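The values are calculated or read from the model by the stated rules, or taken from the named source; none is laboratory data. Remember, predicted model here, so these are calculated numbers, not experimental data. Here the Cβ is made from the backbone with ideal geometry for all residues, glycine too, and neighbour counts use every protein chain on show.
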Amino acid sequence: GESVGLHLPTLSVQEGDNSIINCAYSNSASDYFIWYKQESGKGPQFIIDIRSNMDKRQGQRVTVLLNKTVKHLSLQIAATQPGDSAVYFCAENKSGGTALIFGKGTTLSVSS
Amino acid sequence: NAGVTQTPKFQVLKTGQSMTLQCAQDMNHNSMYWYRQDPGMGLRLIYYSASEGTTDKGEVPNGYNVSRLNKREFSLRLESAAPSQTSVYFCASSEGTTGNTIYFGEGSWLTVV
């Protein structure tokens, strides 16, 4: 079964708003997490990652938060732009595992 | 750097036909993967190669075979295509299988009629 999932399949925001995309995982042994962005007709692109020894990591306009107590991961996008419209996937790597396990994705739509 | 390159981009097959999807990476990565993506679903792992000379089954290996030709190349073969294999296929690579970012190709759209 799925070990990684997203709370909402779609999220609509206005340009300039902050976006929060959530993800729940079930395997407490997972120790590496990644967020990917996938635009229509393209392959997934790496956005940001975080390891289980951290609870927050920041990139350019993006922040990933990890709450190991409730097994929750979130991606925050500041000042969302139309170019951020895409499907966002979280993925986990189980400790000693072989490859990333992906959730089903959240479609972010940004209107101007 | 091209990153991960896969061919063909689009292919239509008749049920029962065979074909091979080619993939190459120029990042000197040890590990390579084949995923499939179906509408409304995330990516599911078909096969992977942790290092040159090894291949292992992923979550959905039935109906597929793979070959790790060398460090750069990892091919996916459909011996007898079925409509259930209509999907988008992504090749990917990473330095290792644990705790490493996976980089994806642009995808191959396969339709089996």
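Okay, here's what the table says:
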| quantity | calculated |
| --- | --- |
| Matching option when the condition is of a type in the set (S, T, N, Q), more than 25 Å from A:LYS94 (Cβ to Cβ) and touching a residue at least 40 places away in the same chain (Cβ under 8 Å), among B:GLN25, B:GLN17 | B:GLN17 |
| Residue list for region A:14-32, restricted to those being assigned to a loop (DSSP other than H, G, I, E, B) and either modelled with pLDDT of 95 or more or of a type in the set (Val, Ile, Thr) (or both) | A:GLU15, A:GLY16, A:ASP17, A:ASN18 |
| Count - residues of region B:69-85 that are surrounded by 14 or more Cβ atoms within 10 Å (Cβ to Cβ) and either in contact with a Cys (Cβ under 6 Å, 6 or more places away or on another chain) or part of a helix (DSSP H, G or I) (or both) | 2 |
| Selected residue (criterion: farthest from B:THR101 (Cα to Cα)) from residues of region A:6-64 that are charged (D, E, K, R) and at the interface with chain B (Cβ under 10 Å from one of its Cβ atoms) | A:LYS42 |
| Positions within region B:5-38 being within 13 Å of chain A (Cβ to nearest Cβ) and either over 17 Å from the mean Cα position of the chain (by Cα) or part of a strand (DSSP E or B) (or both), in sequence order | B:THR5, B:GLN6, B:PHE10, B:CYS23, B:GLN25, B:SER31, B:MET32, B:TYR33, B:TRP34, B:TYR35, B:ARG36, B:GLN37 |
| Any chance B:VAL66 is more than 12 Å from chain A (Cβ to nearest Cβ), under 13 Å from the mean Cα position of the chain (by Cα) and assigned to a strand (DSSP E or B) | yes |
| Positions within region B:39-55 being surrounded by 14 or more Cβ atoms within 10 Å (Cβ to Cβ) and within 11 Å of another protein chain (Cβ to nearest Cβ), in sequence order | B:MET41, B:GLY42, B:LEU43, B:ARG44, B:LEU45, B:ILE46, B:TYR47, B:TYR48, B:SER49, B:ALA50 |
| Residue list for region A:34-48, restricted to those being at negative phi and in a loop (DSSP other than H, G, I, E, B) | A:GLU39, A:SER40, A:LYS42, A:GLY43, A:PRO44 |
| Of all residues making up region B:89-113, the number that are surrounded by fewer than 19 Cβ atoms within 10 Å (Cβ to Cβ) and either among the β-branched types (Val, Ile, Thr) or within 12 Å of the chain's Cα centre (by Cα) (or both) | 6 |
| Whichever residue in region A:49-72 is out of contact with any Asp or Glu (no Cβ under 8 Å at 6 or more places or on another chain), aliphatic (A, V, I, L, M) and in a strand (DSSP E or B) and, among such residues, is surrounded by the most Cβ atoms within 10 Å (Cβ to Cβ) | A:ILE50 |
| Criterion (surrounded by fewer than 13 Cβ atoms within 10 Å (Cβ to Cβ), hydroxyl-bearing (Ser, Thr, Tyr) and closer than 30 Å to B:PHE10 by Cα) met by exactly one of A:THR106, A:THR10 | A:THR10 |
| All positions within region B:12-52 that are under 14 Å from A:PHE102 (Cβ atoms) and out of contact with any strand residue (DSSP E or B) (no Cβ under 8 Å at 6 or more places or on another chain) | B:GLY40, B:MET41 |
| Residues within region A:73-96 that are in a strand (DSSP E or B) and farther than 16 Å from A:PHE46 by Cα, tallied | 1 |
| Filter result for A:ALA99 (assigned to a loop (DSSP other than H, G, I, E, B), more than 12 Å from the chain's Cα centre (by Cα) and within 23 Å of B:LEU45 (Cα to Cα)) | yes |
